[in-house]
Each structure stands twice: as C-alpha cells, then as structure tokens.
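Worksheet for the structure shown next.
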Amino acid sequence: MQPDPGENRLLYFDHAATSWPKPAGMIEAMAHYSGMIGGSPGRSAHRRSLDAGRIILETREALAELFGSNDSLRIAFTKNATEALNIALLGLLHSGDHVITSSMEHNSVMRPLRFLETQGVNLSVVSCSGDGRLNPDDLRAAIRPDTRLLVVTHASNVTGTIQPIAELGQIAREHGFLFCVDAAQTAGALPIHVDEMAIDLLAFSGHKSLFGPQGTGGLYVREGIERHLRPLMMGGTGSRSEFEAQPDFMPDKYESGTPNTIGLAGLGAGVRFVLAEGVEAIRRREEGLTERFMKGLASLKDITVYGPPDAASRAAVVSFNIDGVSPSEASLELDERFGILCRPGLHCAPAAHRTIGTFPQGTIRFGFGYFNKDEEIFFALEAIQSFLTAPSDRTS
C-alpha cells in the first residue's frame, strides 16, 4: 500500500531554493511596517522615516552579530546573493587580474566570471572531487603572482558539500589576495565568523536560512576594501545629497535608491529568530534530518546519492537519481502522487553537475529546513519506495 499524503497535504523539501514556512515574527514585522510605519528611511526627517531607518539599522546590527562583525556598517543590503556577488566580482576585478574559483559554483558566480573573462580577467577553475570537495592543495597549485581574488561557495546548492572555508581564507591571507564567500546556502544554517574565517567579502541571501522574504540579501565588505570596490549602480542614497558624486563610504556606496524596507523588516525578524534559536541548534536539527534521509535512501535499490557520504560534511541538501527515471519525471510524480515538493534539474549550477557526473540531466534535489519534521522524512522515504515498486503508475 502506498503512503497517503492526506487531503491537500504538501511536504516542502525545497529549502535550498527558498525556506518555507517563515517564522511568525517575520510576517508580523512586515505587516507592522506596512500598516504602522510606511516611510522611506533616510529620505525625510519625520518620525515615520526615522522609524523606517531604525528598522534598517536593527537588521544590519542583527546580521553583524550573526556574522561576527563588530561594525554593522560593513553590511550593504542587496536584493539577493546574486546582486551581492556581482558587486564583488564586477566591482573588484580588472583586465589583467587573476581570479580562482571552484568547479562547484552556482551560476551567480560563474556567469559574472565568464563575462569578466571576455574583459581580460584571467580565470582558473579548480576541479573538485567527485563528491564536490575542494582540496586546499589544489588551490595552492593554482595561485599566481597576479592572483587578486578567490571566490568559493561555502556549501554547494547541488550536493550540500561544505568547503573548508577557514583554511581557504587563511591561504588567501597568506598569499595576499582577497577571499569572497558565497554563503547563499549557509547564512543562518552554519556558523560563520568573518574575522576568524579570514573572509573579505561575504554574499548572502535573505530568503533561505535567514528566514526572510524574497528580494533581500546583502554583502559584507571588510574595512578598506570599499576603496577598491566599484558599485554596480549609483544614485540617491539619502546621504551627502549636496554632492553629485556617489558617496565613497559604507554602506551608502552600494545602496542607491529607495531600499526594500518592508523586506528588510522581515529579514531582521528572520535573523533575530536565528539568533534566538541558535545557529548550532538549527544545524543539529537540519543535520539530523539529512542523516535520516540519507540512511533511508541507502536502504533502497536503484538510487544513486551524490555528494559526501555523511551528513556532517554537507548542508541540508541531498541530490539523488533513480535508475532509468529522469529527475523531472520523478519530481513531477512525487508532487502529483504524494504532495512532495522538491527540485529537479541542474539547479543553476551546470559546473557542479559536470563535477559530480550528472550533466546534462541533473538530479532530484531535496533541501531540508528547520521546520521539517521527522515524520515527513519517513513519509518521503515511503513515497520513494512506492515510486520504485509501482513503475506502471508512472507518468509518460
């Protein structure tokens, strides 16, 4: 007998794309801003504008606390990690510079770098192992006298593989080049300390493990780097309005235009939820869910799981394939028959799929979150077992 998801029951396993549900405080914070404040921060001197500015400041301060920075002004808000990475890469690199990255990167890194190649920037892509690990010795071998930057994902959005960020940061510091980390999958889910990990630039999204709404994110910039980092866009910042030149100080240099204050109100609430629960507790919970799912998959036939064999070495992301079934077909049937929401395909990371040998078909990806329950994991495993034993029910 196949598992019954119950009427209208949906199991959400797409947290690697966007976390859901959100903490109640996030929704309340956005409603409070919209219903009770509404002003633009920094654009007026009336009380509603000041209240809006306070929301921005409190969100910045919560993020600085989370990332171990003693200066919240080092954080510039963006609409997502992609924009933050574009500021870092397009703003820092010039023709003749050398940049190093890994073969497990998301297109948010690879596409700007491939564009910069056409502008004279020299790119080295260090191959990772079959389970997505970057060997620090391979990084050392790629270093050149003109190396300006290393940019690496903290954890893969395909396999969840966690890279040795602190060790990589130390290598960059020893050799005198900058270190940029894509923390889209890890901000709020894994401990991050920008000083202890020697991180110069940290790009993060707000709508994943920080429990904020879509359209929020940011870039941490170590002190002094802003002198060399061009903004992507320029315009009104609410500061130094008497000058027509763009401000040259943080965070205003990178925050032109009216900010997404309602979104940042929600992001601030999400970050405070993370701080209250504790990143370590969130990590333990998500690692436990991942371990249970991986053990369950290991007991099934005709399943190939990609990435590190242990949950401790990955974020709460599991990619797998079912022999003889395309990822898109399997994902569709899991949704239609069992109410299981996951993501098939290449996950905007073709380089990662080439590394693990799943290009061009991709994988079925399950991304777990803090609000998932053990019984949901068990149900998902029963559903996959039922899928394997009932081929005649598959969609054509």
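Which condition does Pro41 not pass, out of (1) surrounded by 21 or more Cβ atoms within 10 Å (Cβ to Cβ); (2) part of a helix (DSSP H, G or I); (3) not polar (S, T, N, Q), if it passes all the others?
(2) is the only condition that Pro41 fails.
Quick one: in segment 169-178, which of the residues that are of a type outside the set (A, V, I, L, M, F, W, C) and outside any loop (DSSP other than H, G, I, E, B) is least open to solvent (accessible area, probe 1.4 Å)? So that I can check it myself, show each step before the final result.
Filtering segment 169-178 down to residues of a type outside the set (A, V, I, L, M, F, W, C) leaves 169-170, 173-176.
With the extra rule that they be outside any loop (DSSP other than H, G, I, E, B), the set shrinks to 169-170, 173-175.
On the way: Gly169: 0, Gln170: 92, Arg173: 107, Glu174: 120, His175: 96 Å².
It comes out as Gly169.
Conditions first: (1) closer than 18 Å to Leu85 by Cβ; (2) touching a Lys or Arg at 6+ places or on another chain (Cβ under 7 Å); (3) aliphatic (A, V, I, L, M). Ile171 passes all but one, so which condition is the exception?
If we test Ile171 against (1) closer than 18 Å to Leu85 by Cβ; (2) touching a Lys or Arg at 6+ places or on another chain (Cβ under 7 Å); (3) aliphatic (A, V, I, L, M), just (1) comes out false.
Contact list please: Cβ distance under 7 Å, first residue in segment 330-344 and within 14 Å of Leu381 (Cβ to Cβ), second residue among the aliphatic types (A, V, I, L, M) and in a helix (DSSP H, G or I), pairs at least six apart or on different chains.
What qualifies is Leu334/Ala383; Phe338/Ala383; Ile340/Leu334; Ile340/Ala380; Ile340/Ala383; Cys342/Leu334.
Just to verify a result, which residue in segment 272-290, among those that are acidic (Asp, Glu) and open to solvent by 30 Å² or more (accessible area, probe 1.4 Å), is farthest from Gly25 (Cα to Cα)? Even if it seems obvious, please write down each step before you answer.
Residues of segment 272-290 acidic (Asp, Glu): 277, 280, 286-287.
After this cut, where a residue has to be open to solvent by 30 Å² or more (accessible area, probe 1.4 Å) as well, the list is 277, 280, 287.
Values: Glu277: 13, Glu280: 20, Glu287: 24 Å.
Checking each candidate, the answer is Glu287.
Look through Ala62, Ala84, Ala88, Ala76 and report the one residue that is in contact with a helix residue (DSSP H, G or I) (Cβ under 8 Å, 6 or more places away or on another chain) and either open to solvent by 40 Å² or more (accessible area, probe 1.4 Å) or in a helix (DSSP H, G or I) (or both).
Only one candidate passes the filter, namely Ala62.
Every residue, every condition in (1) within 28 Å of Asp248 (Cα to Cα); (2) of a type in the set (A, V, I, L, M), yes or no:
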{"residue": "Thr78", "(1), (2)": "yes, no"}
{"residue": "Ala81", "(1), (2)": "yes, yes"}
{"residue": "Leu85", "(1), (2)": "yes, yes"}
{"residue": "Gly91", "(1), (2)": "yes, no"}
{"residue": "Asp97", "(1), (2)": "yes, no"}
{"residue": "Ser124", "(1), (2)": "no, no"}
{"residue": "Arg133", "(1), (2)": "no, no"}
{"residue": "Arg140", "(1), (2)": "no, no"}
{"residue": "Pro145", "(1), (2)": "no, no"}
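Among the listed residues Leu267, Leu275, Leu219, Leu300, identify the single one that is part of a loop (DSSP other than H, G, I, E, B) and either of a type outside the set (A, V, I, L, M) or in contact with a helix residue (DSSP H, G or I) (Cβ under 9 Å, 6 or more places away or on another chain) (or both).
On the way: Leu267 fails: part of a loop (DSSP other than H, G, I, E, B); Leu275 fails: part of a loop (DSSP other than H, G, I, E, B); Leu219 fails: part of a loop (DSSP other than H, G, I, E, B).
None of the other options fit; the residue is Leu300.
Quick check on this structure: which one of Ser241, Ser256, Ser299 is modelled with pLDDT of 95 or more, more than 22 Å from the chain's Cα centre (by Cα) and open to solvent by 70 Å² or more (accessible area, probe 1.4 Å)?
Numbers: Ser241 fails: modelled with pLDDT of 95 or more; Ser256 fails: open to solvent by 70 Å² or more (accessible area, probe 1.4 Å).
Sole residue among the options that is modelled with pLDDT of 95 or more, more than 22 Å from the chain's Cα centre (by Cα) and open to solvent by 70 Å² or more (accessible area, probe 1.4 Å): Ser299.
Considering each residue of segment 347-375, count those that are touching a residue at least 12 places away in the same chain (Cβ under 8 Å) and surrounded by fewer than 20 Cβ atoms within 10 Å (Cβ to Cβ), and give that number. Before you say what the answer is, go through the steps one by one.
Initially, segment 347-375 is screened for residues touching a residue at least 12 places away in the same chain (Cβ under 8 Å), giving 347-372, 374.
Filter again for surrounded by fewer than 20 Cβ atoms within 10 Å (Cβ to Cβ), leaving 348, 350, 354, 357, 359-361, 371, 374.
Of the residues in that region, 9 qualify.
Which of the following residues is farther than 21 Å from Ala315 by Cα, in a strand (DSSP E or B) and of a type in the set (Val, Ile, Thr): Val181, Val125?
On the way: Val181 fails: farther than 21 Å from Ala315 by Cα.
Criteria check complete, one pass: Val125.
List, please: which pairs have Cβ atoms under 6 Å, are six or more places apart or on different chains, and start with a residue in segment 227-243 that is over 22 Å from Leu92 (Cα atoms) and end with one that is part of a loop (DSSP other than H, G, I, E, B)?
Gly238/Gly42; Gly238/Arg43; Ser239/Pro247; Arg240/Pro247
What tally of residues in segment 143-168 results from selecting those that are touching an Asp or Glu at 6+ places or on another chain (Cβ under 8 Å), crowded, with 19+ Cβ neighbours inside 10 Å and under 26 Å from Val318 (Cα atoms)?
Going through segment 143-168 one residue at a time, the tally reaches 6.
Matching residues to (1) open to solvent by less than 10 Å² (accessible area, probe 1.4 Å); (2) part of a loop (DSSP other than H, G, I, E, B); (3) under 21 Å from Asn70 (Cβ atoms):
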position	(1), (2), (3)
His193	no, yes, yes
Ile199	yes, yes, yes
Ala203	yes, no, yes
Leu229	yes, yes, yes
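Just one of (1) surrounded by 17 or more Cβ atoms within 10 Å (Cβ to Cβ); (2) touching a residue at least 60 places away in the same chain (Cβ under 8 Å) trips up Pro112, so point out which.
Evaluating Pro112 over (1) surrounded by 17 or more Cβ atoms within 10 Å (Cβ to Cβ); (2) touching a residue at least 60 places away in the same chain (Cβ under 8 Å) leaves (2) as the failure.
Scan segment 150-191 residue by residue and report those that are more than 30 Å from Thr358 (Cα to Cα) and touching a helix residue (DSSP H, G or I) at 6+ places or on another chain (Cβ under 8 Å).
Within segment 150-191, Ile171, Leu178 qualify.
Could you check segment 44-59 and list, in sequence order, the residues that are within 19 Å of Thr216 (Cβ to Cβ) and open to solvent by 90 Å² or more (accessible area, probe 1.4 Å)?
Across segment 44-59, the qualifying residue is only Arg54.
Gly96 fails exactly one of the following numbered conditions: (1) touching a residue at least 40 places away in the same chain (Cβ under 8 Å); (2) over 17 Å from Leu178 (Cα atoms); (3) open to solvent by 10 Å² or more (accessible area, probe 1.4 Å); (4) part of a loop (DSSP other than H, G, I, E, B). What is the number of that condition?
(2)
For residues that are assigned to a helix (DSSP H, G or I) and not acidic (Asp, Glu), scanning just segment 137-149, find the one that is nearest to Thr358 (Cα to Cα). Lay out the reasoning, then the answer.
Here is the first cut: in segment 137-149, the ones assigned to a helix (DSSP H, G or I) are 137-142.
Within this subset, residues satisfying the condition of being not acidic (Asp, Glu) are 139-142.
On the way: Leu139: 24, Arg140: 27, Ala141: 27, Ala142: 25 Å.
The extreme case among them is Leu139.
Against the definition (over 26 Å from Thr258 (Cβ atoms), buried (at least 19 other Cβ atoms within 10 Å of the Cβ) and among the hydroxyl-bearing types (Ser, Thr, Tyr)), how does Ser102 come out, yes or no? If you could, list the steps in order and put the result at the bottom.
Working: over 26 Å from Thr258 (Cβ atoms): yes; buried (at least 19 other Cβ atoms within 10 Å of the Cβ): yes; among the hydroxyl-bearing types (Ser, Thr, Tyr): yes.
Taking the combined requirement at face value, the residue satisfies it.
The values are calculated or read from the model by the stated rules, or taken from the named source; none is laboratory data. Note that the structure is a prediction, hence the values are computed from the model and not measured. All Cβ positions, glycine included, derive from the backbone under ideal geometry; neighbour counts span all protein chains shown. All accessible areas refer to the heavy atoms of the entire protein, side chains included, with ligands and DNA or RNA removed. Shrake-Rupley method; radii C 1.70, N 1.55, O 1.52, S 1.80 Å.
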